[in-house]
Amino acid sequence: MQEGLRKAVTIPLYVIGFIFLGLVSGYLAFKVLSFSKTVDVPDLRGTTLIEANTLLTKRGLYLKVEGEDYDPLIVPGRIVRQDVPAGNKVKEQRGIKVFLSKGPRVWSIPELTGQTIEEAEPVIAKSGLKIEKVIRLHSDIVEKDKIIAQRPNPDEVAWGGSPQKPEEGGARQYGLSLIVSSGPYEMIYSCPEFSGKSREEAMALVERLRLNVQFSGAGERVKSQRPKPYALIKSGESVYLQLGGEEILR
């Protein structure tokens, strides 16, 4: 009976000892964690991995490389951004995630001259570009609304920026500047008198004044015209000339 009583007393003592050791261990762990130093996170942007690792080690932190990003300014292989901003305070033994620069993004530039903006837009979007500026100029050569020139040119390399954070809308697009024809200047003339002129003389005159001409009748000289001589007429409008001795236009 005494042996059974001794065993009954021994078991609770083991339990009490185990609980006591657990409490002591928890207390010590709490004390160690509560007295961990907080340190300022250094600015790692533009540094090499060796330089960044040295800066972090001095402060009880360590480096974690997470990936790469495009950036037009930071040399490839150097750090372009970090997950904890510089100057923030963190506990020692914290890992700081960084992304390395891949250098600037490069786009191929499509040939757009001779197209309208509406025709060019799908090609521009497919190339990852966007229209940044449109300049309209009068041209006697290029048809109205057609692209005269572009910047950058197709034989140039377009260097883009770094992708933005996903929550900010994705990669930044490279801008194109386009010069688009407004057609020829609109000129207002006093319609010349064509009567008595040969067909060739009339053709040369309407070409010089940027007019359109429609001939009717037979013969080699103009007998009548519409609009009448000295009426106001704009460049690009039509004049109707009757040749030979047929009835005068009304």
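Laboratory data are not the source of any read-out in this text; all were calculated from the coordinates shown. Bear in mind that the values here come from a model prediction, so they are computed numbers and not experimental data. Glycine gets a Cβ as well: all are built from the backbone with ideal geometry, and neighbour counts include every protein chain shown.
The loop-placed GluC sites (Glu not before Pro) in the stretch 34-114, going by DSSP, that have at most 15 neighbouring Cβ atoms within 10 Å of their Cβ come out as Glu92, Glu111.
Simple rule: put +1 on each Lys or Arg Cβ and -1 on each Asp or Glu Cβ in the stretch 182-250, find the dipole, and look at Pro184, Tyr230, Leu205; the Cα lying farthest toward the positive end is Tyr230. About its Cα centre, the dipole of the stretch 188-243 is roughly 140 debye, where the only charges are +1 on Lys and Arg Cβ and -1 on Asp and Glu Cβ.
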